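Visitor: Would you mind keeping the following structure in view while I ask a few things?
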Amino acid sequence: MADDKKLFLLDAFALIYRAYYSFISNPRVSSKGLNTSAMFGFTNTLWDLINKEKPTHIAVVFDPPSGDQENFRVEQYAEYKANREAMPEDIRKSLPYIKAIVQGFKIPTLEVEGFEADDVIGTLAKKAARKGYTVYMMTPDKDYGQLVEDTIFMYKPGRQGSDVQIMGPKEICERYGIERPDQIIDILGMMGDAVDNIPGIPGVGEKTAIKFVQQFGSMEGLYENVEALKGKMKEKVAENKDQAFMSKQLAT
């Protein structure tokens with residue numbers, strides 16, 4: 001039975017930020033003036049998950065501290081995530097407590113120097129699926145859609161009373177109108193990502209990127225058919241080939 005091997009991998013910072021901002025208009029503050037919103041929200045999410053889903057295996061995956069070591073994407077593109085605002089001080093102060101809470105649950109925390117949490121979760125998800133686990137990547141981050149397959153799912157926590165969304169290949173393909181989940185990489189590469197400062201192709205937003213992938217199948221397919229495009233769009237696509245392929249690599 002698949003339920004005998006049910007692995008949940010939690011994207012720590014995505015869930016911590018989500019918890020913190022869900023209380024932003026009514027923060028939780030301790031008697032000593034410490035903002036506990038992130039701790040409180042994250043712990044509630046973890047507790048609900050354990051009780052509702054009863055995972056047989058679970059881990060919480062953190063990004064390494066940004067100052068420790070450049071990750072491999074910064075080596076490819078120095079501007080990667082350069083526009084990110086500094087972490088709110090209240091979240092920074094919460095991190096040791098959140099790690100202590102996770103350890104109190106006897107749940108392992110994972111952190112790999114030079115790699116982001118999503119790379120670690122993606123690697124573990126693929127390895128675990130090959131060993132017969134059903135894997136749930138718990139995150140609100142759309143980029144994880146590229147990783148889903150028959151036994152790997154995105155587990156998107158509910159918001160303000162809404163239900164959890166569990167997304168497998170069928171749901172991801174329907175959401176974007178594509179044939180395979182890995183085509184999300186092509187969509188992200190074409191449209192770029194303002195949050196991660198991935199440039200993409202100038203003038204191409206999500207709708208155009210989806211249309212190109214539906215029409216040409218991939219970034220490679222788009223550039224094999226540049227002649228089929230017209231006007232300014234043809235120019236922009238043709239002139240930004242290197243940037244487009246670098247963006248696809250950064251989004252992978």
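The values are calculated or read from the model by the stated rules, or taken from the named source; none is laboratory data. Note that the coordinates shown come from a computational prediction; the quantities given were computed from them, not determined experimentally. Every residue, glycine among them, receives a Cβ derived from its backbone with ideal geometry; neighbour counts consider all protein chains shown. Areas reflect the complete protein model, heavy atoms only, side chains present, ligands, DNA and RNA absent. Shrake-Rupley method; radii C 1.70, N 1.55, O 1.52, S 1.80 Å.
Visitor: Name the pairs: first residue in the stretch 218-236 and farther than 17 Å from MET191 by Cβ, second residue surrounded by 15 or more Cβ atoms within 10 Å (Cβ to Cβ) and of a type in the set (A, V, I, L, M, F, W, C), Cβ to Cβ under 7 Å, at least 6 apart or on different chains?
Guide: ASN225/PHE216; VAL226/VAL237
Visitor: Could you tell me how many of the residues in the stretch 129-144 are touching a strand residue (DSSP E or B) at 6+ places or on another chain (Cβ under 6 Å) and of a type outside the set (Phe, Trp, Tyr)?
Guide: Going through the stretch 129-144 one residue at a time, the tally reaches 7.
Visitor: I need the full set of residues from the stretch 176-211 which are of a type in the set (Asp, Glu) and either more than 19 Å from the chain's Cα centre (by Cα) or part of a loop (DSSP other than H, G, I, E, B) (or both), in order please.
Guide: The answer is GLU179, ASP182, ASP196.
Visitor: Does GLY192 satisfy the condition of being over 26 Å from THR45 (Cα atoms), open to solvent by 20 Å² or more (accessible area, probe 1.4 Å) and not basic (Lys, Arg)?
Guide: no
Visitor: Answer yes if at least one residue in the stretch 4-18 is open to solvent by 80 Å² or more (accessible area, probe 1.4 Å), at pLDDT below 95 and over 22 Å from VAL195 (Cβ atoms), and no otherwise.
Guide: yes
Visitor: Right, another one. Considering only the stretch 24-43, state which residues are open to solvent by less than 70 Å² (accessible area, probe 1.4 Å) and either in contact with a helix residue (DSSP H, G or I) (Cβ under 9 Å, 6 or more places away or on another chain) or closer than 21 Å to ILE121 by Cβ (or both).
Guide: Within the stretch 24-43, PRO27, LEU34, ASN35, THR36, SER37, ALA38, MET39, GLY41, PHE42, THR43 meet the criteria.
Visitor: Go through (1) without any contact (Cβ under 8 Å) to a residue 40 or more places away in the chain; (2) within 20 Å of LEU15 (Cβ to Cβ); (3) open to solvent by less than 20 Å² (accessible area, probe 1.4 Å) and name the single condition ILE187 misses.
Guide: (2)
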